[in-house]
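Below is one structure, written out as structure tokens; comments come after it.
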Amino acid sequence: MLKLYFNEIKKLKRKKLVRILCSVSIIVSIFWTVFCIRDSLPYRSLIGLTILIGNFLILPCLFSMILLLLFQVEEENGTLKNILTIPIVKWKLCALKLFTSFTFVIAYNCITMVCTTIGGSLFLKDFSFSYMGRTLLAYMSTALAVVAATIPAVLVIIVLRKRFILSMILVNCMTVIHFLFVWQVTMFNNLNLSLPILVAYRLTYPLQVISFKNFTAQMIEGVKILYYPTGIGIGILLGTLVISTGLALLIYQHQEE
């Protein structure tokens, strides 16, 4: 299995899109660091902004595009039939592609954290290395929550895996719509909705704040309004993840080559 995993990584080695998507994490971090310096915003604002734009907009695109590329390369090279000559169940290959895509999600967040740490330590006065544990928790928890919330897009990719352009358009449209729901969560009166992506945002928002130092009563009230019950929220995200992934693996297992 490990050899197959590295083979999946090699498939992406020559894809320029992968390098572009990965470099976006550095660009986004630098942009928001400069923005926070210009407006004298605290470190928590830098983390909040990079998570909002990075994990709720860029990350779903990164995850889905990596997965799409893996299937596209497989279709272009016709390698699936050769792989299936070895004793491996077909659905495990799909699971391996999902894991490979998730690897890039983790890498994206690690790069972003390194960049925000460097920018925060050099230019933001309220930065403290004591925030590192909470920052890591914020990045990784939101990454996990977002992947779980957007995993239904995998169903689109699997069903339309031989129609790369159409699946790419549909998945990216889903990502943009999800981001708009999150970005305007209060303006659209979305607090009454329990969409997985909104649950992911509201469930992890207190972690994204990093520090409540110098918070006004109104700001604290805003955090309370966004709060979502932990048990119910985790249940919704796990249910979305398990059902969507299970259906995707089942469909892929029975698809004709």
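Semi-axes of the equivalent ellipsoid for the chain, computed as √(5λ) from the eigenvalues of its C-alpha gyration tensor and ordered from largest down, come to 35, 21, 15 Å. Dividing the summed -39500 (n - 2.57) terms of all DSSP H runs of n ≥ 4 by the residue count of the chain sets its mean residue ellipticity at 222 nm at -25000 deg cm²/dmol.
Return the FRET efficiency for the residue pair His254, Ser194: r is the Cβ-Cβ distance, R0 is 25 Å, and the value is rounded to the nearest 0.05.
Numbers: r = 31 Å, r/R0 = 1.25.
Efficiency at R0 = 25 Å is approximately 0.20.
For the chain, the longest principal axis of the C-alpha atoms and the axis of helix 164-183 are separated by about 20°. Checking the cross-link pairs Lys16/Lys90; Lys92/Lys224; Lys10/Lys90 against a 31 Å limit on the alpha carbon distance flags Lys92/Lys224 as lying beyond it.
In the context of the full set of protein chains, residues of the chain present 51 Å² of accessible surface per residue (probe radius 1.4 Å, heavy atoms only). Ordered from highest to lowest accessible area with the whole protein assembly present and a 1.4 Å probe, Ser25, Ser121 read as Ser121, Ser25. The residues His254, His178, sorted by heavy-atom accessible surface at 1.4 Å with ligands and nucleic acids left out, run His254, His178 from largest to smallest.
Round to the nearest 10 and give me the degree value, 0 to 90, for the angle of helix 16-38's Cα axis relative to the longest principal axis of the chain. Once rounded, one gets 0 degrees. Tilt of helix 90-123 relative to the longest C-alpha principal axis of the chain, in degrees (0 to 90, nearest 10)? Here the helix axis deviates by roughly 30 degrees. Ranked by the mean number of other Cβ atoms within 10 Å of their residues, highest first, the peptides 126-139, 42-55 fall in the order 42-55, 126-139.
What is the gain in length, in nm to one decimal, between Phe129 and Lys3 on full extension, counting 0.36 nm per residue of separation less the C-alpha to C-alpha distance?
41.6 nm
If you plug the beta carbon distance of Ser40 and Val89 into 1/(1 + (r/R0)^6) with R0 = 51 Å, you get a FRET efficiency near 0.35.
The values are calculated or read from the model by the stated rules, or taken from the named source; none is laboratory data. Computed from a predicted model, the values in this text were never measured in an experiment. Using ideal geometry, Cβ is built from the backbone for each residue, glycine included, and neighbour counts are taken over all protein chains shown. With ligands, DNA and RNA removed, areas are computed over all heavy atoms of the protein, side chains included. Shrake-Rupley method; radii C 1.70, N 1.55, O 1.52, S 1.80 Å.
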